[in-house]
Amino acid sequence: MRLTRFFLPVLRDTPKEAEIVSHQLMLRAGMIRQSAAGIYSWLPLGLKVLTKIGNIVREEQNRAGAIEVLMPTIQSADLWRESGRYEAYGREMLRIVDRHERDVLFGPTAEEVITAIVRDSIKSYKDLPKNLYNIQWKFRDEIRPRFGVMRGREFLMKDAYSFDLTPDDARKTYQRMFAAYLRTFARMGLKSIPMKADTGPIGGDLSHEFIILAETGESQVFCHKDLINGAVPTVDTDFDGDLSGIFQAWTSQYAATEDMHDAAKFESDVPADKRVSARGIEVGHIFYFGTKYSEPMGARVQGPDGKMVTLEMGSYGVGVSRLAGAIIEASHDANGIVWPVPVAPFEVGLINLKSGDKDTDAACDGLYGRLQNAGIDVLYDDTDDRAGGKFATMDLIGLPYQLIVGPKGVKAGEAEVKDRKSGARETMPLAAALERVIKSVLNQRVLA
RNA sequence: CGGAGCGUAGCGCAGCCUGGUAGCGCACUUGCUUCGGGAGCAAGGGGUCGGAGGUUCGAAUCCUCUCGCUCCGACCA
């Protein structure tokens, strides 16, 4: 993408409504613009990140055997009356009346919708198990939205819903999602820690929150230090096989959010020098809740013995839009965002130091074409702005690698390669610079 | 919803106390000089001062109401 054709409204000053660094940087880097309290437009740069995050989530869900669907944002109140949640959910649910005076709502979650679909479509145990997910906008009318996209009212969520014949099968599904989540967050460069969690209004008795440690996190969390660098399931993990080992490894050490924290157990189970008490950002939350919805909504299949069996369910959420903020909280410096390659809006920034100079333009255009041919997602700064501003912008928007080309370099047949994270800069022949950048990007595209 | 604060140009702010018809920095436009890590000079464009009502000869400024946004607390991907 040529910067002269892109839409990248960057801000030099920090808008005063933004309190935390991820919100400030998302506004400054031209990723988002606020539309109302907790409601944002995603500008091109932000949308690219959101899409990449969503795709990683999607790949790992697919790998773990979940199947993608797309459910509506607007749901019928009648479905929620069936489950009993229409009254129970409270004012966080945005309720709307349509022109025919029917009660509808903007979905805060989709247990009812998916349960109705599965109930009407699946009649035999032979069709189980099923795990269906979608990545869709949700609306929760939070009392107090804050922290930019980290606690918006409208947000993009991946929500998966599993249906199994037996509690034992359901627990295996839970473990599958558990492992998939570890991979999902690791691929975005995040160190997530699954922690025992409260089940809240979703209900159920088995639940984990996936937490990213960060000073600006909303919740207080407690865990064993070794969990911070726990082993992430590798790419060759057999998701059809037994994943209880992974589950055991991660859940045998103490890890709990404030709601579930047991101070006495924390002190008896974890040696003093291994006790971590910190703030955390919740990026995922998984639940096993049995028949909480299938029972009232009549989601049953016929078992092998001909008897009707009520489905065992679980649900599994990932805050896709929140992750954009969480990744920035975890990865930034004084100059701006530092994107991990897999979620970077562009993998490489190509800087033409003197746009309009024939030789420099020719060299840059050539590099641009070759980067594109190599499948690299590149932002080509072909504006005639001054060099300093270009560097500052590239640093602000956090592109992992910068390829810097100016008249002097072109004359010498050289270009500079800059690593955003380390700040290291190296001048080398054009071909070598190109190769270096491409190789670096390809090496980091898949982090787990 | 309780407490605190803020709405003046795209962003950051001053002006308000003590009423006299709107200003600064950045950004933007034009020209010249610059050009290798947020350039300099000059000339410009852009504002129903969140909205409504009131007081006054006159309101960004004073009064009343209202809307929006942010922060702290109770709720949550």
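The values are calculated or read from the model by the stated rules, or taken from the named source; none is laboratory data. Since we're looking at a predicted model, the values are computed, not measured. Reconstructed Cβ throughout: ideal geometry from the backbone, glycine too, with neighbour counts over all protein chains shown.
List every residue pair whose Cβ atoms sit under 6 Å apart, with the two residues 6 or more apart in sequence or on different chains, where the first one lies in the range A:53-68 and is β-branched (Val, Ile, Thr) and the second, anywhere, is part of a strand (DSSP E or B).
Hits for this filter: A:Val57/A:Lys158; A:Val57/A:Val318; A:Ile67/A:Leu132.
Return the residues of the range A:379-418 that are in a helix (DSSP H, G or I), more than 7 Å from RNA strand B (Cβ to nearest atom) and either within 22 Å of A:Ser331 (Cα to Cα) or touching a Leu at 6+ places or on another chain (Cβ under 6 Å) (or both); say none if nothing qualifies.
Correct list: A:Lys390, A:Ile397.
Report every pair of residues separated by at least 6 positions or lying on different chains whose Cβ atoms are under 6 Å apart, first residue within the range A:390-417 and free of Cβ contacts under 8 Å to residues at least 40 places away in the same chain and on the phi < 0 side of the Ramachandran plot, second among the hydroxyl-bearing types (Ser, Thr, Tyr) and not in a loop (DSSP other than H, G, I, E, B).
A:Glu414/A:Thr427; A:Glu416/A:Thr427
Just need a number here: residues in the range A:345-378 that are in a helix (DSSP H, G or I), away from RNA strand B (no atom under 13 Å from the Cβ) and β-branched (Val, Ile, Thr).
Total meeting the criteria: 0.
Just give me the residues in the range A:226-270 being hydroxyl-bearing (Ser, Thr, Tyr), loosely packed, with under 14 Cβ neighbours inside 10 Å and over 23 Å from A:Ala64 (Cβ atoms), in sequence order.
A:Ser268
For the range A:423-432, enumerate the residues that are in a loop (DSSP other than H, G, I, E, B) and more than 23 Å from A:Arg12 (Cα to Cα).
A:Ala424
Give me a count of the residues in the range A:4-14 that are over 13 Å from A:Leu396 (Cβ atoms), in contact (Cβ under 8 Å) with a residue 40 or more places away in the chain and not hydroxyl-bearing (Ser, Thr, Tyr).
Result for the range A:4-14: 1.
Check whether at least one residue in the range A:394-415 is more than 25 Å from the chain's Cα centre (by Cα) and among the acidic types (Asp, Glu), and report yes or no.
So far as the range A:394-415 goes, yes, one or more of its residues are more than 25 Å from the chain's Cα centre (by Cα) and among the acidic types (Asp, Glu).
Condition first: closer than 22 Å to A:Asn373 by Cα and polar (S, T, N, Q). Now tell me which residues in the range A:404-444 satisfy that.
Listed by number, the residues that qualify are A:Ser440, A:Asn443, A:Gln444.
I'd like to check something: does the range A:15-22 contain any residue that is within 13 Å of RNA strand B (Cβ to nearest atom), closer than 29 Å to A:Leu350 by Cβ, among the charged types (D, E, K, R) and in contact (Cβ under 8 Å) with a residue 24 or more places away in the chain?
No - not one qualifying residue is present in the range A:15-22.
Let me confirm something: among A:Gly84, A:Gly90, which residue is surrounded by 13 or more Cβ atoms within 10 Å (Cβ to Cβ) and either more than 26 Å from the chain's Cα centre (by Cα) or acidic (Asp, Glu) (or both)?
On inspection, the qualifying residue turns out to be A:Gly84.
The rows are residues; the columns are (1) touching a residue at least 12 places away in the same chain (Cβ under 8 Å); (2) crowded, with 24+ Cβ neighbours inside 10 Å; (3) in contact with a Gly (Cβ under 7 Å, 6 or more places away or on another chain).
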residue	(1), (2), (3)
A:Leu105	yes, no, no
A:Thr115	yes, yes, no
A:Ser121	no, no, no
A:Glu142	yes, no, yes
A:Pro145	yes, no, yes
A:Gly152	yes, yes, yes
A:Phe163	yes, yes, no
A:Arg171	yes, no, no
A:Thr184	yes, yes, no
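Which ones in the range A:35-52 are within 13 Å of RNA strand B (Cβ to nearest atom), in contact (Cβ under 8 Å) with a residue 40 or more places away in the chain and surrounded by 15 or more Cβ atoms within 10 Å (Cβ to Cβ)?
A:Gly38, A:Tyr40, A:Leu50
Which pairs have Cβ atoms under 9 Å, sit 6 or more apart or on different chains, and link a residue in the range A:282-294 that is touching a residue at least 12 places away in the same chain (Cβ under 8 Å) and closer than 11 Å to A:Arg171 by Cα to one that is assigned to a strand (DSSP E or B) and polar (S, T, N, Q)?
Cβ pairs passing all conditions: A:Phe287/A:Ser207; A:Phe287/A:Ser315; A:Tyr288/A:Ser162; A:Tyr288/A:Ser207; A:Tyr288/A:Ser315; A:Phe289/A:Ser207; A:Phe289/A:Ser315; A:Gly290/A:Thr310.
State whether the residues of the range A:139-159 include one that is under 17 Å from A:Arg63 (Cβ atoms), at pLDDT 95 or above and more than 11 Å from RNA strand B (Cβ to nearest atom).
No; the residues of the range A:139-159 include none that is under 17 Å from A:Arg63 (Cβ atoms), at pLDDT 95 or above and more than 11 Å from RNA strand B (Cβ to nearest atom).
Any idea which of A:Asp159, A:Asp236 is within 22 Å of A:Gly54 (Cα to Cα), of a type in the set (D, E, K, R) and either in a strand (DSSP E or B) or in contact with a Leu (Cβ under 9 Å, 6 or more places away or on another chain) (or both)? Give the derivation first.
Working: A:Asp236 fails: either in a strand (DSSP E or B) or in contact with a Leu (Cβ under 9 Å, 6 or more places away or on another chain) (or both).
The match here is A:Asp159.
Go through the range A:389-432 and report how many residues are surrounded by 21 or more Cβ atoms within 10 Å (Cβ to Cβ), small (Gly, Ala, Ser) and under 30 Å from A:Ala186 (Cβ atoms).
1
Taking the range A:315-334 as the search range and keeping residues that are touching a helix residue (DSSP H, G or I) at 6+ places or on another chain (Cβ under 7 Å) and in a strand (DSSP E or B), which one is farthest from RNA strand B (Cβ to nearest atom)?
Across the range A:315-334, the extreme among qualifying residues is A:His332.
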